[in-house]
1. Give just the number: which of (1) closer than 30 Å to residue 21 by Cβ; (2) at pLDDT 95 or above does residue 169 not satisfy?
2. Mind checking which residues of the stretch 131-181 are assigned to a strand (DSSP E or B) and within 21 Å of residue 82 (Cα to Cα)?
3. Can you tell me which residues in the stretch 55-75 are farther than 30 Å from residue 86 by Cβ and under 18 Å from the mean Cα position of the chain (by Cα)?
4. Please specify each residue of the stretch 100-138 satisfying the condition of being more than 20 Å from residue 71 (Cα to Cα) and over 12 Å from the mean Cα position of the chain (by Cα).
5. Hey, any hits in the stretch 120-130 for a residue that's part of a strand (DSSP E or B), modelled with pLDDT of 95 or more and touching a His at 6+ places or on another chain (Cβ under 9 Å)?
6. Please give the strands (runs of 3 or more DSSP E) falling wholly within the stretch 1-64 in which 2 or more residues are surrounded by fewer than 11 Cβ atoms within 10 Å (Cβ to Cβ).
7. Of these, 89, 80, which one is open to solvent by 60 Å² or more (accessible area, probe 1.4 Å), under 19 Å from residue 181 (Cβ atoms) and not hydroxyl-bearing (Ser, Thr, Tyr)?
Amino acid sequence: MAAFGAKYPRFAPNKTVSPEGVVTYDAPVTIGALNKADLTVTMASGKVYGDNELQESIDEFVSGTLAMETSDMEDAVAGKIYGATVLEKLCTYNTGDTPPEGGLGYYKTLVRGGKKIFKTVFYPRAKAAIGNDTAATKADSITFSTVATNWTIMADKKGNWRLTEEHATEEAAKAWLDTKMGVASDA
């Protein structure tokens, strides 16, 4: 399997969360054109030795960090994912902003046996933090910058922290992801 593309980064803020952990989402937003998404997983590990050998070894998911870069992010989208205030054309970031939790996803293109498949990735519980920003003056060559967002990935009440599914078409991958975020299917 070889991966060579990633698209359709979407975030849907939580609308309601029941005591049992059932989540409904507000309308999702497309974050921007996806450049990359790098997942780092934090595991809690424990080992016990006895009689001079390893008796038990446990590794359990604690949390994850997804470093995402997009080529752009509109202010209205920044308001939805970072908790910034957007009034008319002004987007205000405040120290008291509280980014909402929500569902986060995208899909990536894989090649397996010479055939393209589209693997969706959905994180049912994610929270954004604004990344570093950079700007450079125009010189004799053009250097593009991207928008960095750091996502904290958490497990839901059932212990699920990531769901993936493979699809034969991009349309099916988009539909699956939208369905996970509560968007009704046209089919």
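1. The failed condition is (1).
2. 147, 148, 149, 150, 151, 152, 153
3. Listed by number, the residues that qualify are 61, 62.
4. Of everything in the stretch 100-138, those that are more than 20 Å from residue 71 (Cα to Cα) and over 12 Å from the mean Cα position of the chain (by Cα) turn out to be 100, 110, 111, 112, 113, 114, 115, 116, 117, 118, 119.
5. yes
6. By residue number, 2-17, 34-50.
7. One residue alone meets the criteria, 80.
The values are calculated or read from the model by the stated rules, or taken from the named source; none is laboratory data. Everything quoted here is computed from the prediction, not taken from an experiment. We place every Cβ from the backbone using ideal geometry, glycine too, and count neighbours over all the protein chains shown. Remember, those area values only see protein heavy atoms, side chains included, never the ligands or the DNA or RNA. Shrake-Rupley method; radii C 1.70, N 1.55, O 1.52, S 1.80 Å.
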